[in-house]
Amino acid sequence: MGQFLNSIFFLFISLSSTHVFSSDVEEIPKTFIFRVDSHSKPSIFPTHYHWYTAEFTEQTHILHVYDTVFHGFSAVVTKQQAASISNHPSILAVFEDRRRQLHTTRSPQFLGLRNQRGLWSESDYGSDVIVGVFDTGIWPERRSFSDLNLGPIPRRWKGVCESGEKFSPRNCNRKLIGARFFSKGHEVGAGSAGPLNPINETVEFRSPRDADGHGTHTASTAAGRYAFQANMSGYASGIAKGVAPKARLAVYKVCWKNSGCFDSDILAAFDTAVTDGVDVISISIGGGDGIASPYYLDPIAIGSYGAVSRGVFVSSSAGNDGPSGMSVTNLAPWLTTVGAGTIDRDFPAQVIIGDGRKFSGVSLYSGEALKGKMYQLVYPGKSGVLGDSLCMENSLDPKQIRGKIVVCDRGSSPRVAKGLVVKKAGGVGMILANGISNGEGLVGDAHLLPACAVGSNEGDIIKAYISSSVNPTATIDFKGTILGIKPAPVLASFSARGPNGLNPQLLKPDLIAPGVNILAAWSDVVGPTGLDSDTRRTEFNILSGTSMAAPHVSGAAALLKSAHPDWSPAAVRSAMMTTASVLDNRNLPMLDEATGNKSTPYDFGSGHLNLGNAMDPGLIYDITNSDYVNFLCAIGYEPKVIQVITRTPENCPARKASPENLNYPSFVAMFPVASRKLASKTFIRTVTNVGAVNSVYHVSVESQIKGVTVTVRPSRLVFSETVKKRSYVVTVTADTRNMKMDPSGAVFGSLSWTDGKHVVRSPIVVTQIEPL
């Protein structure tokens with residue numbers, strides 16, 4: 001275990017153990033993570049823990065000791081003490097613990113999975129693969145986690161089911177084979193009054209049990225069993241199943257209700273999960289502050305490198321800060337970064353206003369309908385007060401709201417909470433209007449009163465009707481569930497977008513997967529809205545977010561690893577990326593929900609997950625640990641900084657590599673804005689044949705980009721019994737003065753290798769950047 005976490009530790013000092021200083025110097029201790037060079041432990045100490053407690057801090061201050069994906073510890077100390085510890089020659093890095101946020105069912109069918117054909121049948125549904133889910137825990141009694149007809153637990157499994165409040169090893173079975181919880185960082189970091197913040201056991205369980213619902217939802221999306229007659233209050237009825245229904249689940253609770261997830265606990269979960277023996281890690285968590293940290297300061301990047309370098313595939317959510325550009329998070333090249341698209345199922349509702357006009361929207365309201373009755377329509381935002389237009393808590397005057405349908409603007413508070421505010425003020429219904437930033441992107445919500453979400457344009461028309469009409473009225477009609485919606489997939493407006501803010505040479509997100517209105521299992525202590533006042537209970541819930549997309553890719557990785565046990569995490573990702581679809585179910589280019597225009601590789605990466613084709617990709621782009629080290633050298637990291645991530649001292653090659661030459665299944669050619677008329681960029685890639693032994697592939701380039709030419713040498717790759725790998729060179733030449741960029745600041749094309757059966761496709765991005 002000692003090679004995975006180069007000795008990291010977190011320190012916690014409770015106020016009771018510190019002196020009370022005068023107010024101008026008093027410092028509240030905080031959690032810090034210390035990255036230690038494990039090779040420098042003096043031999044006098046039997047373990048790293050003995051060394052840390054003797055030389056760096058007291059036993060009572062240490063939270064976690066890391067020794068698998070990372071070496072070091074976390075501890076609670078003052079900033080002054082942390083600075084003092086950081087001066088020790090064995091300390092490679094120190095970072096303050098940060099809070100992160102969750103990136104809050106027909107989708108397996110929509111991925112091209114069908115019973116007994118293709119990936120599901122060939123992999124025995126992934127029954128030998130273990131998926132670790134880092135989230136809010138699990139509600140183990142749900143049918144999605146039944147172990148009926150599953151074989152014995154894989155012998156290599158070393159994990160456990162931890163006991164805690166309302167959870168014991170009896171809650172585990174041959175499906176849910178492991179469950180742990182990590183709360184030390186949370187208990188120190190979530191307290192506002194002081195460093196110690198015991199878990200609030202009136203709303204949380206000090207155990208792997210899920211008090212939030214999000215973790216149960218993501219776990220069942222990745223690997224839920226078949227659950228017949230599944231629905232959420234009558235919506236989306238049918239069979240609920242995860243992408244890999246027979247894969248085993250191990251749950252690592254690192255996020256706590258209303259408190260987020262702390263880096264120190266996430267890192268401890270990575271350390272433990274890899275030692276336990278998971279094959280895939282699913283993590284729907286991100287920075288939450290819109291700023292991407294460098295990899296050596298990002299515990300998700302560090303922990304996932306430790307996992308990937310040991311053969312564990314890590315799927316992470318891209319974030320929900322779209323449609324803004326450069327909003328994508330989880331950018332490390334060893335992470336698979338997943339954005340969100342729609343599926344071909346919708347939950348339409350209709351707003352009908354007094355003059356007879358009808359406006360399409362979306363809703364999951366399941367209570368008593370309005371039955372066509374017209375009600376007075378009001379828009380509190382007419383007052384010009386922002387809180388009124390947003391229907392914030394205590395902003396509405398019951399005298400003006402009672403008995404009416406209220407238009408509320410989206411933003412600043414949860415969509416379902418606005419409905420509760422309207423209901424408390426006596427309103428009979430709500431129309432939730434998107435602002436310009438959300439455009440026409442809609443997601444369904446299980447509202448507590450009759451409510452319908454509408455796009456920005458419809459919202460503006462309805463508000464104009466209210467201002468111009470003497471007696472504005474409306475009603476809302478709910479249409480239930482409709483299948484076969486076209487076009488689909490459409491890129492979700494909230495899905496985070498490129499370019500990559502850390503290393504624009506690397507295209508992120510990698511791909512998209514279903515993430516809008518996804519039906520999956522739910523906790524039994526929280527209503528479908530997640531609001532405290534929602535007393536409804538439901539076995540399943542419908543959620544949207546890149547949080548929902550990442551576990552689709554985790555389940556897909558479980559099936560691919562089951563069918564191809566010798567494939568590396570990079571090979572699994574390559575198979576998904578090079579076979580991803582860029583067309584929708586009309587056979588036209590995928591659209592962007594935010595604009596209605598064509599989406600681009602900055603939005604969807606390589607395209608939408610297409611599992612049927614990923615099983616047999618033909619060629620794969622593999623990446624080794626030393627390739628990742630060369631990439632880190634190429635972007636300017638010094639060997640000591642690289643060691644923070646990789647755990648072992650690294651030497652950079654004398655001739656610096658180019659970051660563009662990481663063997664990634666996509667290409668980004670960046671040219672300086674002021675470059676001379678003709679400029680060119682060269683890329684080297686190596687593909688490995690995983691299809692028929694004797695194969696010949698020919699290249700085709702799709703590029704109708706004015707002022708750009710793409711050449712590939714050789715244009716033919718021949719594979720045989722003895723030749724499994726072939727390299728090729730791509731040269732992108734740009735007439736930089738005559739290139740016409742699209743609104744995202746780039747132009748796009750693609751390169752495909754085909755042998756007549758397989759098409760191995762990679763996106764090409766050409767962009768201009770201001771030289772630093």
- Query: Going by a ≥ b ≥ c, the root eigenvalues of the Cα gyration tensor, does the stretch 513-585 fall in the rounded group (a/c under 1.5), the prolate group (a/b larger than b/c) or the oblate group?
  - Reply: prolate
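State which entries of 257/423; 656/677; 373/404; 257/424 exceed 18 angstrom in Cα-Cα distance in the structure shown. List each step's numbers first, then the result.
Working: 257/423 25 Å; 656/677 27 Å; 373/404 11 Å; 257/424 24 Å.
Cα-Cα > 18 Å for 257/423; 656/677; 257/424; rest within.
Kindly identify the stretch 334-434 as rounded, prolate or oblate by the Cα gyration tensor criterion: order the square roots of the eigenvalues as a ≥ b ≥ c, call it rounded if a/c is under 1.5, otherwise compare a/b with b/c, prolate if a/b is larger, else oblate. Present the calculation step by step, with values, prior to reporting the outcome.
Values: a/c = 2.16, a/b = 1.36, b/c = 1.59.
It is oblate, given that a/c is not under 1.5 and a/b is not larger than b/c.
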- Query: Within straight cross-link reach of residue 41, meaning Cα distance under 19 Å, which aspartates and glutamates are found once same-chain residues fewer than 8 apart are removed?
  - Reply: 55, 58, 67, 650
- Just one of (1) 35.7; (2) 47.2; (3) 59.5 is mean projected area of the Cα convex hull in nm² as worked out from the coordinates here. Which one is it? (1)
- Looking at the chain, which Cys residues are left with no other cysteine's beta carbon under 4.7 Å from theirs? 452
- Message: Please give the Cα centre distance for the stretch 412-467 versus the stretch 748-772, rounded to the nearest Å.
- Response: 41 Å
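Out of the trypsin sites (Lys or Arg not before Pro) in the stretch 713-766, which ones are loop residues according to DSSP with at most 16 other C-beta atoms within 10 Å?
Loop-located and lightly packed - 724, 737, 740, 757.
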- Which one of 556, 294, 252 has its Cα pushed farthest toward the positive end of the charge dipole of the chain, where Lys and Arg give +1 and Asp and Glu give -1 at the Cβ? 556
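Suppose all protein chains stay in the model; what accessible area per residue would a 1.4 Å probe give for the chain, in Å²? Mind dumping the intermediate values first?
Working: 29010 Å² over 772 residues.
On a per-residue basis, the chain sits at 38 Å².
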- Calculate the spin-label point distance for residue 638 paired with residue 360, positioning each point 7 Å from the Cα along the beta-carbon direction, and give it in nanometres. 5.8 nm
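What shape does the stretch 635-765 take by its C-alpha gyration tensor, where a ≥ b ≥ c are the square roots of the eigenvalues and a/c under 1.5 counts as rounded, a/b above b/c as prolate, and the rest as oblate?
Numbers: a/c = 2.21, a/b = 1.02, b/c = 2.17.
Oblate, because a/c is 1.5 or more while a/b does not exceed b/c.
Can you show me the helix-derived [θ] at 222 nm for the chain, built from DSSP H runs with n ≥ 4 at -39,500 (n - 2.57) apiece and divided by the number of residues, rounded to the nearest 500.
Values: 18 runs with 149 residues, N = 772.
The per-residue figure over the chain is -5500 deg cm²/dmol.
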- Task: Run down the aspartates and glutamates and flag those whose C-alpha is under 12 Å from the C-alpha of residue 418, throwing out any fewer than 8 positions away in its chain.
- Result: 388, 393, 409, 445
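How big is the dipole moment of the stretch 348-480 about its Cα centre under a simple scheme where the beta carbon of each Lys and Arg is +1, that of each Asp and Glu is -1, and everything else is neutral? Debye, nearest 20, please.
Working: 15 positive and 11 negative charges, 68 e Å.
Using Cβ point charges on Lys, Arg, Asp and Glu, the stretch 348-480 gives about 320 debye.
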- Message: Only sites in a loop by DSSP and with at most 13 other Cβ atoms within 10 Å count here; which chymotrypsin sites (Phe, Trp or Tyr not before Pro) in the stretch 19-100 make the cut?
- Response: 21
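Just to be sure I understand: of the beta bridges DSSP finds with both ends in the chain, what percent are antiparallel, rounded to 5? Mind showing how you got there, number by number?
Working: 89 of 139 bridges.
Percentage antiparallel, nearest 5: 65.
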- Message: Need one number: nm distance between label points at residue 692 and residue 168, each 7 Å from Cα along Cα→Cβ, rounded to one decimal.
- Response: 5.9 nm
- lysines whose Cα lies under 16 Å from that of residue 598, excluding same-chain neighbours fewer than 8 positions away: 486
- Query: Between residue 49 and residue 715, what is the spin-label point distance in nm, taking each point 7 Å from the Cα along the Cα→C-beta axis?
  - Reply: 6.5 nm
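Run the accessible area of the chain with a 1.4 Å probe and give the carbon-and-sulfur part as a rounded percent. Walk me through the intermediate numbers first.
Numbers: 14880 of 29010 Å².
The C+S portion of the solvent-accessible surface of the chain is 51 percent.
The values are calculated or read from the model by the stated rules, or taken from the named source; none is laboratory data. Fair warning: this is a prediction, and the values are worked out from it, not measured in the lab. Glycine also receives a Cβ, built like all others from the backbone with ideal geometry; neighbour counts cover every protein chain displayed. When the accessible area is computed, the model is the full protein with side chains, heavy atoms only, and any ligands, DNA or RNA have been set aside. Shrake-Rupley method; radii C 1.70, N 1.55, O 1.52, S 1.80 Å.
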